[in-house]
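> Below are the structure tokens for one structure; questions will follow.
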Amino acid sequence: MISPLLNILTPIVICAAIGIGWKKMGFDYPSEFIGRLVMNIGAPCLILHSLVGTKVSLSALGDVALVATLILGVMLVCCFVVLKIFNLNYKTYLPPLLFPNSGNMGLPLCLFAFGETGLTLAIGYFLLMMFGHLTLGLLILEGIEDGLSHALKNLLKQPMVYAMAIGLILCGNQIALPVWAAHTVELLSGVTIPLMLITLGVSLTSLKVEFWQRALSLSLFKLALSLLVAASACTLLGLEGVTRNVILLQAAMPAAVFNYLFAVHYQQKPEEVAGIVVVSTLTTVLVLPFLLSYLIL
């Protein structure tokens, strides 16, 4: 029982620990450059490689995207109501409650737990959440009038969107990439997950936890609600096996670090958002062994 869990969690912990250690030793880490490299080259290649080489059906990917949409919609309504009841600013707290770390943390977890099939399905969930963050997330922070045009411009600048479109077209028509292109895409995709995890470790060292009681309460609420909605949606749609497991694992992911960066940019109490990011990450790490035991054993 312990060995499979260690096989899944140890590579992730080691990569994140490298980032933490690197930063603690005072070495320079160009997070902005690494982030651009991953977002513009590594992640698009990972998406394209996974979609073109997958044996997962487009209907399965559609099921994952549908459940992710349902989770996002239900979470939006429930979290907004709770924040209003407790008189908390929705612009500050709603994004970290809605948008999980389904990329940096979710993708490698699904890869190690469920193999290439799990990774491909997890990418479907990640892309939907990324789409939501760049559209709904900006609408929350900027308002509909200012945020809509900005969100659309942002989407059109994302290479991952085009990689997804190309990958789905090739996958749907069973068209293979030329050998040289396939090898190039595979080679570049290999840098993505290690760099994402190392960057996650570096990012967490710069976040400080303040107002920890509120951060803990909101983190536990986010985790419980997202898992409940995910499990209910899977039951409602009759999803089982790897598809259901990937959805539940992605639903358990903590608040994305991008929420903190957006909070800094829009001056939405970044210290409190940082608290939610750190505390929700620690909460997820504590819950993961039990969740993985339930899903894979």
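The numbers here are math on the coordinates, done by the rules we state, and not lab data. Predicted model, so just to flag it, every value in this text is computed and none were measured. Cβ: placed from backbone, ideal geometry, glycine included. Neighbour counts: every protein chain shown.
> Looking at the chain, which longest stretch skips every one of the chymotrypsin sites (Phe, Trp or Tyr not before Pro) that is in a DSSP loop with at most 16 other Cβ atoms within 10 Å, leaving the sites themselves out? Display every interim value, and only then the final one.
Details: sites that count: 27, 86, 211, 266.
That gives 87-210 as the longest site-free run.
> Here is a follow-up. Hey, with R₀ at 30 Å, roughly what FRET efficiency would residue 206 and residue 80 work out to, going by the Cβ-Cβ distance, to 0.05?
0.55
> Given the convex hull of the Cα atoms of region 89-186, what is a quarter of its surface area in nm²? Please report the intermediate quantities before stating the final value.
Working: hull surface 30.7 nm².
Orientation-averaged projected area of the Cα hull: 7.7 nm².
> Okay, next question. Between residue 296 and residue 29, how many nm apart are label points set 7 Å from Cα along the C-beta direction?
Reported label-point gap for residue 296 and residue 29 is 2.4 nm.
> Return the sequence-ordered ³J(HN,Hα) values of region 86-97 in whole Hz as given by the Karplus equation 6.51 cos²θ - 1.76 cosθ + 1.60 applied to θ = phi - 60°, using x for Gly and Pro.
8, 6, 9, 5, 5, 5, 7, 9, 5, x, x, 7
> Shifting gears a bit: Among 193, 265, 213, which residue has its Cα furthest toward the positive end of the charge dipole of region 180-296, with +1 on Lys/Arg Cβ and -1 on Asp/Glu Cβ?
Going by the charge dipole, the pick is 213.
> To the nearest 500 deg cm²/dmol, what mean residue ellipticity at 222 nm is calculated for the chain from DSSP H runs of n ≥ 4 alone, each contributing -39,500 (n - 2.57), summed and divided by the residues? List each step's numbers first, then the result.
On the way: 15 runs with 234 residues, N = 297.
Result for the chain: -26000 deg cm²/dmol, rounded to the nearest 500.
> How many nm is it between the label spots at residue 213 and residue 162, if each spot is 7 Å from the Cα in line with the beta carbon?
5.1
> Sort 25, 39 by Cβ crowding within 10 Å, fewest neighbours at the top.
Working: 25 7, 39 18.
The fewest-first ordering by Cβ neighbours comes to 25, 39.
> How big is the gap, in Å, between the Cα center of region 1-42 and the Cα center of region 200-244?
When both Cα centres are located, 20 Å separates them.
> Here is a follow-up. In whole Å, what are the extents of region 1-106 along the principal axes defined by its C-alpha atoms, from largest to smallest?
44, 43, 38
> Checking the cross-link filter: which aspartates and glutamates have an alpha carbon closer than 18 Å to that of residue 153, excluding same-chain neighbours under 8 positions apart?
142, 145
> With the dipole of the chain worked out from charges on the C-beta (+1 for Lys and Arg, -1 for Asp and Glu) around the Cα centre, which of 181, 118, 95 lies farthest toward the positive end?
Checked the options; the winner is 95.
> Which FRET efficiency value, to the nearest 0.05, do you get for residue 182 and residue 237 by plugging their Cβ-Cβ distance into 1/(1 + (r/R0)^6) with R0 = 30 Å? Kindly include the intermediate steps, with their values, before the conclusion.
Working: r = 33 Å, r/R0 = 1.10.
The formula returns an efficiency of 0.35 here.
> For labels at residue 41 and residue 266 in the simple 7 Å Cα→Cβ model, what's the distance in nm?
3.1
> Check cross-link reach from residue 222 to the lysines: straight Cα distance under 26 Å, and skip same-chain residues fewer than eight apart.
84, 91, 208, 269
> Considering just Cα atoms, how many Å³ per residue does the convex hull of the chain enclose?
On the way: hull volume 39.3 nm³, N = 297.
Dividing the Cα hull volume of the chain by its residue count gives 132 Å³.
> Based on the mean of other beta carbon atoms within 10 Å per residue, what is the order of 96-105, 68-77, 240-249, most packed first?
Numbers: 96-105: 27.0, 68-77: 18.2, 240-249: 20.7.
Highest mean packing first, the order is 96-105, 240-249, 68-77.
> Something else about it: Short version: ³J(HN,Hα) in whole Hz for each residue of region 168-177, in order, from phi by Karplus 6.51 cos²θ - 1.76 cosθ + 1.60 (θ = phi - 60°), x for Gly and Pro, what are they?
5, 5, 5, 5, x, 9, 6, 9, 8, 6
> Based on the alpha-carbon gyration tensor of region 25-175 and its eigenvalue square roots a ≥ b ≥ c, which shape applies: rounded if a/c is under 1.5, prolate if not and a/b is larger than b/c, or oblate?
prolate
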